[in-house]
Ligand SMILES: *Cc1c(COP(=O)(O)O)cnc(C)c1O
């Protein structure tokens with residue numbers, strides 16, 4: 001099918017909820033892909049942080065294909081090896097006690113909220129169910145996670161939202177302390193706000209949040225849906241903040257291109273959910289977990305080192321461009337503030353020149369595959385610099 005037909009049918013049949021770039025991708029390998037007219041693109045987006053190993057990584061594809069051939073799905077009524085293996089790897093690598101598998105980031109966050117509320121209910125009874133999140137956060141698109149998202153424009157149309165969320169200003173401990181009363185059972189935050197504009201939290205602030213949670217016996221939930229799985233140069237971004245939250249949520253990069261979400265729970269929170277309290281039909285699906293197991297096997301110190309080095313290379317290449325006024329983020333999760341240009345327009349121009357980039361608020365956002373080669377990186381940067389330099 002040619003791309004003109006594809007675009008026409010997309011418009012005709014798919015609900016119009018996305019502003020798409022004018023690009024139909026046919027095929028890809030690592031951080032390079034091509035459209036139906038054989039024009040090549042360098043990918044600095046990873047399908048929004050999902051393709052941690054790039055497009056159709058050979059080991060990932062082989063494991064997924066083999067699993068699909070052997071056993072597609074068994075349901076959570078039976079034991080399933082790929083899921084058990086993945087759980088073992090995640091628990092052994094992160095130091096958490098238990099994991100629950102779902103299908104997406106929003107779903108993982110919903111589960112985390114449930115765990116925080118039930119922990120509190122079991123121990124203190126009702127009346128202690130508020131979750132504090134941060135202004136400018138993003139936690140998902142379900143009714144509860146929309147309300148958890150600390151951005152006003154997500155709180156429209158879909159009333160009534162679930163109650164029990166309160167927003168504190170990021171990096172402002174006083175504001176947080178003011179909002180923390182006896183009704184609070186958890187604090188949920190990203191360490192680098194992704195959709196909110198690639199805004200890293202200050203280390204001192206996050207350490208203080210951790211301490212506040214401990215002192216008040218409330219759940220410290222870190223949403224690592226975007227920052228997790230090597231994205232920032234360590235398996236979890238938490239490691240670089242030197243914190244041990246009660247609950248961490250993962251999704252995007254974990255499956256390497258297949259839908260998965262995970263809730264990691266520490267010892268204290270690991271037995272809050274009892275049989276019947278939570279579930280997911282697709283959660284722990286063997287094919288998805290086979291892919292995630294390959295992603296886990298890539299999570300080595302040497303990969304993390306490369307993620308950091310590639311991040312530095314991007315920063316070094318861009319920092320002296322007059323149009324670039326600042327670069328935020330860690331590892332291969334970077335936000336670029338622009339002087340005059342509009343991020344959306346730069347993203348379109350990049351695409352026309354053979355480079356896929358994302359935006360986050362007013363910034364250009366880069367989330368290249370963790371496995372991007374130096375050559376792909378340089379080709380992409382050349383295009384980005386060209387677009388940022390022409391007037
Ligand atoms: C993308 C994202 C989500 C939502 O994940 P979905 O898989 O789209 O539900 C939640 N939290 C953060 C930090 C994200 O970046």
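What follows draws every value from the coordinates through simple rules; no lab data is involved. In this text, all values refer to a predicted model and were calculated from it rather than measured experimentally. Note that each Cβ is placed from the backbone with ideal geometry, even for glycine, and that neighbours are counted across all protein chains shown.
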Handout entry: Cα-based helix-to-principal-axis angle, 58-70 vs the chain, degrees rounded to 10
Key = 60 degrees
Fill in the blank from the handout: Counting only backbone N atoms under 18 Å from a point 7 Å out along Cα-to-Cβ of residue 391, the residues of the stretch 312-344 in range are 321-325, 339-342
Completion exercise
For the pair residue 135 and residue 179, the simple spin-label estimate (label points 7 Å beyond Cα toward Cβ) gives in nm 0.9 nm
Practice task
Treating the Cα atoms of the stretch 71-298 as identical point scatterers in vacuum, please give the log10 of the normalised Debye intensity I(q)/I(0) at q = 0.09, 0.12 Å⁻¹, two decimals.
Solution key: -0.33, -0.60
Problem - Net length gained if the chain between residue 171 and residue 353 were fully extended (0.36 nm per residue, minus Cα distance) - result: 61.7 nm
Handout entry: Packing-based order for 171-178, 190-197, using average beta carbon neighbours within 10 Å, highest first
Key = 190-197, 171-178
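Ordered by packing density, taken as the mean number of other Cβ atoms within 10 Å over each peptide's residues, highest first, how do 100-113, 68-81 rank?
Working: 100-113: 25.9, 68-81: 11.7.
So the order, starting with the most tightly packed, is 100-113, 68-81.
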Completion exercise
In whole angstrom, largest first, the equivalent ellipsoid semi-axes that the Cα gyration tensor gives for the stretch 1-144 are 36, 24, 16
Handout entry: Cα coordinate range in the stretch 172-256, projected on the principal axes (Å, largest first)
Key = 41, 22, 21
Exercise for the section: Starting from the Cα of residue 20, step 7 Å along the direction of its Cβ; do the same at residue 78; then give the gap between the two resulting points in nm. Expected result: 3.7 nm
Exercise for the section: Provide, as a two-decimal number, the C-alpha radius of gyration of the stretch 97-204 over 2.2 N^0.38 Å, N being how many residues it has. Expected result: 1.06
Problem - Residue among 164, 19, 256 with the largest mean-square fluctuation in a Gaussian network model of the chain, springs linking Cα atoms under 10 Å - result: 19
Handout entry: Cα long-axis angle, helix 105-124 against the chain (0 to 90 degrees, to the nearest 10)
Key = 10 degrees
Exercise for the section: Give me the percent of DSSP beta bridges within the chain that run antiparallel, rounded to the nearest 5. Expected result: 65 percent
Handout entry: Whole-angstrom gap from the stretch 131-148 to the stretch 348-369, using each part's C-alpha centre
Key = 25 Å
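Please sort 20-30, 351-361 by packing, taking for each peptide the average over its residues of neighbouring beta carbons within 10 angstrom, highest first.
351-361, 20-30
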Exercise for the section: Determine the distance separating the Cα centre of the stretch 218-266 from the Cα centre of the stretch 1-28; give it in Å without decimals. Expected result: 32 Å
Handout entry: Dmax and Rg, reported as Rg then Dmax, of the chain (C-alpha, Å)
Key = 20.9, 62
Fill in the blank from the handout: Taking a ≥ b ≥ c as the square roots of the eigenvalues of the Cα gyration tensor, with a/c under 1.5 meaning rounded and otherwise prolate when a/b exceeds b/c and oblate if not, the stretch 196-332 is oblate
Problem - Distance-filtered residues of the stretch 355-391 - backbone nitrogen under 13 Å, label point 7 angstrom along residue 39 Cα→Cβ - result: 355-356
Handout entry: Net length gained if the chain between residue 362 and residue 59 were fully extended (0.36 nm per residue, minus Cα distance)
Key = 105.4 nm
Completion exercise
Each label sits 7 Å from Cα toward the beta-carbon; between residue 305 and residue 68 the label points are separated, in nm, by 3.6 nm
Exercise for the section: Would you mind checking the tilt of helix 301-318 against the longest principal axis of the Cα atoms of the chain, expressed as 0 to 90 degrees and rounded to 10? Expected result: 60 degrees
